[in-house]
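What follows is one structure encoded as structure tokens, with my remarks underneath.
The values are calculated or read from the model by the stated rules, or taken from the named source; none is laboratory data. What you see is a predicted model, and the numbers here were worked out from it, not measured in a lab. In this analysis, Cβ positions are derived from the backbone assuming ideal geometry, glycine residues included, and neighbour counts consider all displayed protein chains. All accessible areas refer to the heavy atoms of the entire protein, side chains included, with ligands and DNA or RNA removed. Shrake-Rupley method; radii C 1.70, N 1.55, O 1.52, S 1.80 Å.
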Amino acid sequence: MSNDCLFCKIIRREIPAKIAFEDDQVLGFYDIQPSAPVHILFVPKKHLDSVMQATVEEPVVSLLSDRAVKTAEKLGLQPTGFRLLINYGPHAGQTVHHLHLHLLGGAQLSHL
Ligand code: AMP
């Protein structure tokens, strides 16, 4: 946990968020500025700055994608599809420095 990290504050419930998923390791909450009808961020409860800290020894991306896929299925996104996305660094536009996986769906998404 990091004291001044926005997503750590959401995890600690110091800042409100609409929760979509939670277990002991992962929190999923709706993005405040959605880029799709369904836009949920999945974050590890343990603070990691970015995907650069996700390693074989720290297999957090597979943890996040597992929870995101299960949530997508639960929300009925599976037949039409969805996108999972992680931004790292300024060229990708990472704005919050707590690792997060975006789940986007619910409409046709622009092709990358
Ligand atoms: P990224 O650009 O990949 O770092 O994504 C950060 C995301 O966090 C953006 O899509 C923001 O809209 C979202 N965001 C920022 N503040 C909040 C908040 N308080 N609650 C939910 N989502 C947020």
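This table checks each residue for (1) touching a helix residue (DSSP H, G or I) at 6+ places or on another chain (Cβ under 6 Å); (2) at pLDDT below 95; (3) aliphatic (A, V, I, L, M).
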site	(1), (2), (3)
Lys9	no, no, no
Ala17	yes, no, yes
Pro34	no, no, no
His39	no, no, no
Lys46	no, no, no
Val60	no, no, yes
Leu63	no, no, yes
Arg83	no, no, no
Gly93	no, no, no
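Restricting attention to region 48-58, the residues being more than 23 Å from Asn3 (Cβ to Cβ) and modelled with pLDDT of 95 or more number 0. In this structure, does Arg67 turn out to be more than 22 Å from Asp4 (Cβ to Cβ), open to solvent by 50 Å² or more (accessible area, probe 1.4 Å), basic (Lys, Arg) and within 12 Å of the chain's Cα centre (by Cα)? It is false that Arg67 is more than 22 Å from Asp4 (Cβ to Cβ), open to solvent by 50 Å² or more (accessible area, probe 1.4 Å), basic (Lys, Arg) and within 12 Å of the chain's Cα centre (by Cα).
Selection of first residues in region 73-95 that are small (Gly, Ala, Ser) and of second residues that are near the ligand (Cβ under 8 Å from one of its atoms), restricted to Cβ pairs under 6 Å at least 6 apart or on distinct chains, gives the following pairs, ordered by first then second residue: Gly93/Asn87. Quick one: would you say Ala36 is touching a strand residue (DSSP E or B) at 6+ places or on another chain (Cβ under 6 Å), touching a residue at least 60 places away in the same chain (Cβ under 8 Å) and surrounded by 17 or more Cβ atoms within 10 Å (Cβ to Cβ)? Considered against the rule, which asks whether it is touching a strand residue (DSSP E or B) at 6+ places or on another chain (Cβ under 6 Å), touching a residue at least 60 places away in the same chain (Cβ under 8 Å) and surrounded by 17 or more Cβ atoms within 10 Å (Cβ to Cβ), Ala36 comes out as yes. Restricting to region 70-110, name every residue that is open to solvent by 70 Å² or more (accessible area, probe 1.4 Å), within 24 Å of Leu6 (Cα to Cα) and hydroxyl-bearing (Ser, Thr, Tyr). Listed by number, the residues that qualify are Tyr88, Thr95.
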